[in-house]
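The values are calculated or read from the model by the stated rules, or taken from the named source; none is laboratory data. Being a predicted model, the structure only gives us computed values, none of them experimental. Cβ atoms come from the backbone with ideal geometry, glycine included; neighbour counts cover every protein chain shown. Areas reflect the complete protein model, heavy atoms only, side chains present, ligands, DNA and RNA absent. Shrake-Rupley method; radii C 1.70, N 1.55, O 1.52, S 1.80 Å.
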Amino acid sequence: MDWKPDKSLQIPVYIQISNYIETRILNGEYPSGSSLPSERALAQELDVNRSTIVAAYDQLRSLGLVNRIKGFGTVVTLAATVDGDIKRVPNWDEYVKGGFLHLNNPMTRQIHKSVGSDKPYINFAIGELSADLFPAVLMQKAHNQLDMSQYLGYEHIQGNLRLRESIANHLQTYRNLSSTASSLLVTSGAQQALQLIVQCLLKPGDSVAIEDPSYSYSLPIFHSAGLRTYLLPVEQDGIDPEQIVSLYKQHRIKMVFVNPIYQNPTGATLTSERMKILLEISTKYGIAIVEDDPYSLTSYDQTPVSVLKSMDQDGSVLYVSSLSKIISSGLRIGWIAGPQSVIHRLTDAKQQMDFGQSNYSQWIAAQLLSSAELDNHLMRLRIGLERKLHLTINALRAELGDDVQFDAPRGGIHLWCKLEGEWDEQQLFNQAIENGVVIAPGSTLGSKSGCVRLTFSKVDDPLIRPGIQKFAEAYRAVKHRR
Ligand SMILES: Cc1ncc(COP(=O)(O)O)c(C=O)c1O
């Protein structure tokens, strides 16, 4: 090789080498399937370090030109067409390693995969309702009553006006919370509201506090956005707000994410005393609070629980909720209530992301929220959820006795269980899947203490006992097997 890299140039040497070899490959000097010189030989020939050649070959691999095969070295992967042209296929494996959104935890990915699977898993891992708890008749009625002559173009990005008015009325009636159509943004579930908050109101390096364990912990959005997360342990009465003060003093916490009522996964509810202290701390130190509230309408005793936002006199709380856990997760209707400046900022981002929510699901949601039959549906839902909880608890007691510990929640859809003894989480997860049942291992939600989350809302009543039986068998099989 006569050519040598020019070390006096601004272009890094490894890029020069990669460019040079790329040209030779495209010229057909190294045909598909041929091997490039070994790293050592080329380093000697070009008078550079071997690590420079490694970097150059890595660059060629990321361009989709070569593969590095153990035992064979670096092999050209370009395919020539019949007429001799060279085809350069994008290296999708490299693309998928890029991108700024981190991947979900592998077990979380497997849980989501189980949902679309052909196998009839009994699913205690997905937070949605079983078919009998969805308001199918109400939904059909709402659909029949729709006036299809409504405007069919893009909706108002902030959300259909009638829907926002219905949400404002609903919040007043059911959650004692004052809002107006202009202080609400309709989102694709609570999930998108959380995404928008993270992306628009925080910047890389900012510190936030999240509950441990929590749904927030399961989301890669915080770390993808370069945020530092600090954990607030969840006790029976929710988080201890005083811990936020020390986190603030040490790390200048900018925002606290809480799911105060029937928390996912523990089922804990923040007491009203703790809510008051949390709000005092927030206004004393100027720390924003995000209240994520998908579950407050699911109290089994049918009495409403006060949401944090209803006590917020100073505007410190951004309130996030959705219809997913009370009406339909597939409708993808959520919302955020907050100050105008925040709503405008997030609306602008939502326009960039998806041009606003589907008008059809917004019309249906508006119809459902203003229906006189909603109340009956909610009552039926709460009774159904409590029944599923009791079926789950009875099955656990019968199958696992004292090997399982939990605090029964007073609302919501999750049962947080601690399993006795020595067992490996991954083994339990795999064995449960093999037995035909899916569970959410505690670590996917941030727990380090031998816990699993059993979400009972999606499982049909007659399948709860057999599902718990399969889970108990999996636990017995992996206990002590380490
Ligand atoms: C606490 C919490 N927040 C947000 C979500 C997201 O729900 P969705 O986007 O369906 O409203 C969930 C879903 O399980 C949840 O448990």
Residues in region 185-212 that are touching a helix residue (DSSP H, G or I) at 6+ places or on another chain (Cβ under 6 Å), within 13 Å of the ligand (Cβ to nearest atom) and open to solvent by 10 Å² or more (accessible area, probe 1.4 Å) total 1
Within region 407-446, residues being away from the ligand (no atom under 15 Å from the Cβ), in a loop (DSSP other than H, G, I, E, B) and over 21 Å from K388 (Cβ atoms) number 5
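Checking the conditions here, which among A193, A168, A209 is aliphatic (A, V, I, L, M) and within 14 Å of the chain's Cα centre (by Cα)?
A193
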For a quick check of your reading of the model, give me the residue pairs whose first member lies in region 122-145 and is among the polar types (S, T, N, Q), whose second is in a loop (DSSP other than H, G, I, E, B), with beta-carbon atoms closer than 6 Å and at least 6 apart or on different chains. N123/K458; S130/K458; S130/D460
Scan region 76-90 and tell me whether some residue there is closer than 30 Å to I221 by Cβ and in contact (Cβ under 8 Å) with a residue 24 or more places away in the chain. yes
Contacts under 6 angstrom Cβ, first residue in region 334-359 being hydroxyl-bearing (S, T, Y), partner open to solvent by less than 20 Å² (accessible area, probe 1.4 Å), 6 or more apart: T347/Q158; T347/L185
Counting only residues in region 111-152 that are farther than 27 Å from L297 by Cβ and among the small types (G, A, S), the one most open to solvent (accessible area, probe 1.4 Å) is identified as S149
Any chance you could count how many residues in region 240-269 are farther than 23 Å from Q192 by Cα and within 16 Å of the ligand (Cβ to nearest atom)? 2
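Mind checking which helices (runs of 4 or more DSSP H) fall wholly inside region 1-118 and carry at least 3 residues that are in contact with a strand residue (DSSP E or B) (Cβ under 9 Å, 6 or more places away or on another chain)?
On the way: elements: 13-26, 39-46, 50-62, 92-97, 106-115.
Those helices (runs of 4 or more DSSP H) span 13-26, 50-62, 106-115.
Yes or no: I239 assigned by TED's automatic domain parsing to the domain that holds L185, in contact with a helix residue (DSSP H, G or I) (Cβ under 6 Å, 6 or more places away or on another chain) and open to solvent by less than 10 Å² (accessible area, probe 1.4 Å)? Give the derivation first.
Working: assigned by TED's automatic domain parsing to the domain that holds L185: yes; in contact with a helix residue (DSSP H, G or I) (Cβ under 6 Å, 6 or more places away or on another chain): no; open to solvent by less than 10 Å² (accessible area, probe 1.4 Å): yes.
For I239, the condition - assigned by TED's automatic domain parsing to the domain that holds L185, in contact with a helix residue (DSSP H, G or I) (Cβ under 6 Å, 6 or more places away or on another chain) and open to solvent by less than 10 Å² (accessible area, probe 1.4 Å) - is not met.
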What's the number of the condition S361 fails, among (1) under 19 Å from Y174 (Cβ atoms); (2) part of a helix (DSSP H, G or I); (3) within 15 Å of the ligand (Cβ to nearest atom); (4) not acidic (D, E)? (1)
Residues satisfying the stated conditions in region 437-464, i.e. surrounded by fewer than 16 Cβ atoms within 10 Å (Cβ to Cβ) and touching a residue at least 12 places away in the same chain (Cβ under 8 Å): S449, D460, D461
Condition met for A181 (without any contact (Cβ under 8 Å) to a residue 60 or more places away in the chain and within 16 Å of the ligand (Cβ to nearest atom)): no
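Take the conditions open to solvent by less than 40 Å² (accessible area, probe 1.4 Å), in contact with a strand residue (DSSP E or B) (Cβ under 8 Å, 6 or more places away or on another chain) and assigned to a helix (DSSP H, G or I) and apply them to R382. Does it pass?
Values: open to solvent by less than 40 Å² (accessible area, probe 1.4 Å): yes; in contact with a strand residue (DSSP E or B) (Cβ under 8 Å, 6 or more places away or on another chain): yes; assigned to a helix (DSSP H, G or I): yes.
Answer is yes for this residue.
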Of the residues in region 270-293 that are open to solvent by 20 Å² or more (accessible area, probe 1.4 Å) and part of a loop (DSSP other than H, G, I, E, B), the one that is farthest from the ligand (Cβ to nearest atom) is G286
Residue count, region 294-347, condition over 19 Å from the mean Cα position of the chain (by Cα), assigned to a helix (DSSP H, G or I) and farther than 22 Å from A268 by Cα, comes to 7
For region 255-269, what are the residues that are among the aromatic types (F, W, Y) and either open to solvent by 10 Å² or more (accessible area, probe 1.4 Å) or modelled with pLDDT under 95 (or both)? Y262
